[in-house]
There are 2 protein chains.
Amino acid sequence: MSTHSTETKSYELTAEVRSPVRIDATVRDVTFTLDSPASSGGENAGPLPVETVLGALAGCLNALGHKVASEMNLDLRIRRVDIVGQLNPAKFRGQETDERAGFQRIEARVAIEGTATDEEIDAWLGAVEVRNPVLDNLSFPTEVAVTVE
Amino acid sequence: MSTHSTETKSYELTAEVRSPVRIDATVRDVTFTLDSPASSGGENAGPLPVETVLGALAGCLNALGHKVASEMNLDLRIRRVDIVGQLNPAKFRGQETDERAGFQRIEARVAIEGTATDEEIDAWLGAVEVRNPVLDNLSFPTEVAVTVE
């Protein structure tokens, strides 16, 4: 199959600023809210941005996990995904630090059920990892251009 | 200031699987939903995982942007953040491809208002970029460990 068989798509998001810590973000006909807890000046109307990253990873593991299981004809269903990320807020706060700003490490545990064998599960997990857009953007550098207007 | 003045924190998320493409993710006392449109087997109850990544970036630009403006005593407010990401779905779909699975490039446009000068805005944007956790996790590699249980 040619590498040009599938076209690159644009995903567009518009975020309306509702407060210094809250946005209402719209993609297509779907709107979702990010906010901070009261302790950080918000009204807790949604997850923090860094928590949202973890949610994106969980959602992609779920969707791709079920897709790959179906393709492989496996009896394998995901019941739950638990994620923990380690982050030092020093750089975000503007303190002098050698620590990076973002998550240093993320661990995802995928709870599954079904009769798939260990070998099938290994093959399944390999495909789920390598084909995962969110995991790819976390694992490898991505060019992000920020402009002001 | 010592690099150990701020402790690394754990951010935890639990995602309950509601369908092959939908999760209800909980962090602290906040729950949010990711889903797919009907064309991808979902009920459109929330953004796609890759759209959620763009939302996380928008939310972090907003929160850190206002925080840095306040620290710098700038008359600068963010009104809106527009983000576009380019992604080729071939690898997600399991097609043979040389393209990466995730976003190839992300562009964020931050619409601001206020009387800050161009020099002030440049200094502000530099700090907002370097201290941004979500931008850091997109720009630089992060170790992500996925296990099955």
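The values are calculated or read from the model by the stated rules, or taken from the named source; none is laboratory data. What you are looking at is a predicted structure, and each value in this text was computed from that prediction instead of being measured. In this analysis, Cβ positions are derived from the backbone assuming ideal geometry, glycine residues included, and neighbour counts consider all displayed protein chains. All accessible areas refer to the heavy atoms of the entire protein, side chains included, with ligands and DNA or RNA removed. Shrake-Rupley method; radii C 1.70, N 1.55, O 1.52, S 1.80 Å.
Using a 1.4 Å probe, what is the accessible area per residue for the protein assembly as shown, in Å²?
Details: 13130 Å² over 298 residues.
Heavy-atom accessible area per residue stands at 44 Å².
As a length-normalised measure over Cα pairs under 8 Å and 6 or more apart, the relative contact order of the range A:23-149 settles at 20 percent.
Place the peptides B:60-69, B:90-99, A:51-60 in order of packing, highest mean first, counting for every residue the other Cβ atoms within 10 Å and averaging per peptide.
Working: B:60-69: 24.9, B:90-99: 16.4, A:51-60: 29.3.
Ranking the peptides B:60-69, B:90-99, A:51-60 by packing returns A:51-60, B:60-69, B:90-99.
Largest mean-square fluctuation among A:D118, A:D75, A:D29, in a Gaussian network model of chain A whose springs join Cα atoms under 10 Å apart, belongs to A:D29.
Between the range A:86-135 and the range A:33-83, the C-alpha centres lie 11 angstrom from each other. Across the range B:123-128, coupling constants 3J(HN,Hα) worked out from phi with the 6.51/-1.76/1.60 Karplus curve, θ = phi - 60°, read 5, 4, 5, x, 5, 5 Hz, and Gly and Pro carry x. Using 1/(1 + (r/R0)^6) with R0 = 41 angstrom and r between the beta carbons of B:D118 and B:E7, what's the FRET efficiency to the nearest 0.05? About 0.60, to the nearest 0.05. Just the protein heavy atoms count here, and of the accessible area of chain B at 1.4 Å, carbon and sulfur take up 46 percent.
For A:G41, the point set 7 Å out from Cα toward Cβ sits 4.3 nm from its twins in the other copies, listed from shortest up.
Apply the Kirkwood formula to the protein assembly as shown: the hydrodynamic radius equals the inverse of the mean of 1/r over all pairs of different alpha-carbon atoms; give it in Å with one decimal. It works out to 19.4 Å. When you count the other C-beta atoms within 10 angstrom of each residue and take the mean per peptide, A:34-43, B:37-46 line up highest first as A:34-43, B:37-46. Dividing the Cα radius of gyration of chain B by 2.2 N^0.38 Å, with N the residue count, gives 1.25. Amide H contacts under 5 Å for B:A45: B:S36, restricted to partners 5 or more places along the chain or on a different chain, H placed in the peptide plane at 1.01 Å from N.
Derived scalar couplings between HN and Hα for the range B:61-73 equal 4, 5, 5, 6, x, 6, 5, 5, 4, 5, 4, 8, 6 Hz in order, rounded to whole Hz, by the Karplus curve 6.51 cos²θ - 1.76 cosθ + 1.60 (θ = phi - 60°), x for Gly and Pro. Output the residues of the range A:70-84 meeting this criterion: accessible area (heavy atoms, 1.4 Å probe) in the chain alone minus accessible area with all protein chains in place is 10 Å² or greater. Flagged in the range A:70-84: A:I78, A:R79, A:R80, A:V81, A:D82, A:I83, A:V84.
Backbone phi angles across the range B:14-23, fed through the Karplus curve with coefficients 6.51, -1.76 and 1.60 (θ = phi - 60°), yield HN-Hα couplings of 10, 10, 8, 7, 9, 6, x, 10, 10, 10 Hz in residue order; Gly and Pro are listed as x. Please report the buried accessible area for the interface of B with A, total over both chains, probe 1.4 Å, in Å² to the nearest 100. Summing both chains' loss of accessible area gives about 9800 Å². Here A:K9 is the anchor, and the aspartates and glutamates within straight C-alpha reach of less than 14 Å, apart from those fewer than 8 places off in the same chain, are B:E51, B:E99, B:E107. Under a 5 Å amide H cut-off, with hydrogens placed 1.01 Å from N, A:V146 pairs with B:A108 among residues at least 5 apart or on other chains.
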